[in-house]
Every structure is written in structure tokens, then in C-alpha cells.
Amino acid sequence: ILSFSEELDYPADVHQDGYLFLLSKPDEAEIFRKNVALQNSCGVLSIFLPPDEISRMAPHVALEGILGATYCAWDGIGDPNGMTQGYAAAARRLGVNFRMGIAARALRVSGDRIEAVETDAGTIPCGAVVNAAGPHAREVAAWAGVDLPVYPERRHVYTTAPFTQAPRDFMMVIDFASTFYFHRESGGVLMGMGNSEEPNSFNLSVDSRFLDKMLEVALRRFPGLGEAHVNRAWVGLYEMSPDAHPILGSVRQVENFYLVNGFSGHGFQHAPIAGKLIAEEIIMGKAQTLNIDSLRFERFETTSISREVNVV
């Protein structure tokens with residue numbers, strides 16, 4: 001199997017040191033045990049670890065209240081900007097034309113088809129339109145008369161300067177109950193945590209009060225952070241769907257409109273397969289690699305929602 005850099009002939013900063021999910025509630029531990037069994041049946045080599053094995057693997061992590069953890073060495077972290085540029089460079093070699101710095105303003109719809117995209121630089125006729133507008137996907141869908149349930153959720157992210165107790169590898173550690181997570185970054189750590197009290201918003205300003213709230217959790221799980229200095233903070237937006245699962249595929253009411261939205265924090269991880277599935281939808285009329293019927297927009301016409309708990 002070729003790596004990203006080998007396949008696309010583009011350098012990528014990728015570290016495959018695994019994800020460690022720390023579990024402190026019996027019901028969550030049981031769910032994760034079942035997840036491991038399912039993953040193993042699909043060929044994914046994830047494992048369930050008791051506390052003593054967690055301690056050997058991640059000695060910097062405090063395990064008070066932890067019942068166990070799951071770990072998969074195949075998991076990793078990568079540079080989103082670098083990998084996006086890698087995909088773009090490969091696409092250009094295949095003839096794709098990217099028009100940067102041009103704002104889309106509307107869709108010209110005739111009957112049940114989109115004829116063109118209206119932009120600041122003029123009208124672009126099209127045979128198909130893919131809505132990949134992230135947290136702004138609902139607005140774009142509304143141009144086609146589709147009420148897409150995707151909402152922006154603010155997430156604070158922090159990085160620290162290098163410090164002596166920083167992890168030596170790039171393992172992602174997630175305290176599942178609190179949603180606090182961290183991994184090594186530039187000799188320090190990158191860390192964040194969800195905030196259920198914050199309303200949906202496109203506001204990207206940093207709330208200085210949230211750091212104190214997060215550190216109450218962070219220092220209990222990673223005491224070594226006590227010597228770290230936070231040197232950067234920013235806010236990004238998750239594109240949340242009602243069940244935290246992505247919304248993929250064509251839309252019944254507009255035949256040449258395709259959705260790739262609502263990844264709820266997993267978009268970077270799912271991007272390669274999502275792109276392939278949408279390409280199949282457009283070219284072949286239906287996704288071939290996987291059956292995506294359960295992820296289609298029309299699932300929200302029913303009242304039964306199977307929610308995935310979102311963490312990172």
C-alpha cells in the first residue's frame with residue numbers, strides 16, 4: 001500500500017502513533033469493547049487495554065477513575081493544510097481547474113436541476129454541483145431549496161510551547177467522558193475540549209474563560225501540563241449534523257445536487273472515501289464502493305436517529 005506522499009508525489013507531515021480512548025464509565029467501556037470486536041471483524045487491529053497496560057503505553061497520563069481504553073496503532077494525525085495541497089496538486093495534474101478567491105452567491109435552479117452557479121466573477125454553467133461548504137453548508141443548500149440540518153459548533157484549540165514532560169510520540173489521547181484530548185505538537189502539545197454550554201455560532205473569537213475550564217480537566221488527566229505555557233489559541237467550527245454522522249450523496253428533490261456535509265469533527269479523516277463515493281454518485285449514478293443509503297439526506301424524514309457521540 002502506497003503512503004500519501006508516495007501516491008500523490010507530495011510531502012505530508014503524518015504521524016501514525018495511534019489513538020488512545022480513555023474510558024471511565026462502565027456503559028461506555030462496554031460499548032467500546034463491542035466496537036473493538038466489530039473493528040477486528042473488519043480487519044482493523046484495535047485492542048482493549050486494562051489500566052496497567054495503558055500506564056506502560058502512556059506513562060504521562062493519570063489514570064484515576066479509568067476502567068480501560070481502546071487503542072489502534074493504525075490511527076494517526078496529519079497536517080490538514082499540507083494534505084489538502086497534496087490533493088489539489090494531484091487534481092491539477094489531472095486537469096482540474098481551481099478558481100480561488102471567488103465567492104459563490106447563488107444557484108440558478110430550473111425545475112429539479114441546477115443550471116449554473118452565480119459567483120462574484122460571473123455565472124458558471126454546470127452539470128453537477130457538490131455542496132462541500134463545511135459549516136456554511138446549510139446556506140448553500142438553501143439556494144437549491146433544500147433545508148439541510150447542518151450547524152456550526154465552536155471549538156477552542158490550544159497549543160503550548162515545548163516543555164520537558166511533553167509526550168515523546170504523537171499518540172492522540174482522548175478522555176472520552178470529558179472530551180478533553182491532546183497530542184504532541186512542535187515539542188509541546190495541541191489540546192482541546194468540547195463545550196456543550198456554547199450556542200451554535202459562526203463567531204471565531206477566542207473566549208479567554210474557556211481555557212481555565214478546560215485546564216481543570218486537563219491537569220487531572222495530564223498533570224505534566226502544569227509546567228506548560230499556552231502560546232496560541234484559536235476557534236474553529238465543526239459542521240454538526242443531528243446524529244453526528246455525515247450527510248452524503250444525491251438529493252431526491254434536486255437531481256444534480258450532491259451533499260458531502262455534516263461530518264461533525266471527522267471530515268479530515270473521512271475525506272478520501274467521501275470524495276470517492278461522491279465521484280461515484282456523479283459518474284455512475286450511485287456510490288459503488290460502499291452503500292451510503294443510511295447516510296443520505298432523506299434519513300431525516302424519519303424520527304429515528306442513531307446518534308454517534310462526537311469527541312475530538
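The values are calculated or read from the model by the stated rules, or taken from the named source; none is laboratory data. These figures come from a predicted structure and were not determined experimentally. Methodologically, a virtual Cβ is constructed for each residue, glycine included, from the backbone with ideal geometry; neighbour enumeration extends over all protein chains shown. The area values use the complete protein model at the heavy-atom level, side chains included, leaving out ligands, DNA and RNA. Shrake-Rupley method; radii C 1.70, N 1.55, O 1.52, S 1.80 Å.
Take each peptide in 266-277, 102-113, count the other Cβ atoms within 10 Å of every residue, and average; sorted highest first, the result is 266-277, 102-113.
Determine the shape class of region 98-141: with a ≥ b ≥ c the square roots of the Cα gyration tensor eigenvalues, call it rounded for a/c under 1.5, and otherwise prolate if a/b is greater than b/c, oblate otherwise. Verdict is oblate for region 98-141. Looking at region 141-259, the pairs of alpha carbons with a distance over 18 Å make up 59% of the total. Over the Cα atoms of region 5-128, each weighted equally, I'd like the Debye log10 I(q)/I(0) at q = 0.15, 0.18, 0.21 Å⁻¹, rounded to two decimals. Rounded to two decimals, the profile gives -0.83, -0.96, -1.15.
Which of the peptides 137-147, 207-217 is most tightly packed, and how do the rest follow, going by the mean number of other Cβ atoms within 10 Å of each residue?
137-147, 207-217
Legend: Rg and Dmax of the chain, from Cα coordinates, 21.1, 63 Å. Relative to the dominant Cα principal axis of the chain, helix 26-41 is inclined by about 60°.
Between SER41 and LEU67, the modelled labels are 2.1 nm apart [label points 7 Å from Cα along Cα→Cβ].
Once the Cα-Cα distance is subtracted from the 0.36 nm per residue extended length, the MET284 to ARG252 segment shows a gain of 9.9 nm. Each Lys or Arg adds one and each Asp or Glu subtracts one; over the other residues with Cβ under 13 Å from the Cβ of LYS213, this totals -3.
For the chain, the longest principal axis of the C-alpha atoms and the axis of helix 267-284 are separated by about 30°.
Distance distribution note for region 58-109: the fraction of Cα pairs above 13 angstrom is 78%.
Over the chain, with the other protein chains present, what is the accessible area per residue in square angstrom, probe 1.4 angstrom? Heavy-atom SASA per residue in the chain reads 53 Å².
The portion of the accessible surface of the chain made up by carbon and sulfur, rounded to a whole percent, is 54 (1.4 Å probe; DNA, RNA and ligands excluded).
Peptides 116-129, 168-181 ordered by packing proxy, namely the average of other Cβ atoms within 10 Å per residue, highest first: 168-181, 116-129.
With 0.36 nm allotted per residue and the present C-alpha distance subtracted, the GLU115-HIS270 stretch has 52.9 nm of extension available. FRET efficiency for the ILE102 to SER208 pair, using the beta carbon distance and R₀ = 35 Å, is estimated at 0.50. Relative to the longest principal axis of the Cα atoms of the chain, the long axis of helix 208-221 lies at roughly 50 degrees.
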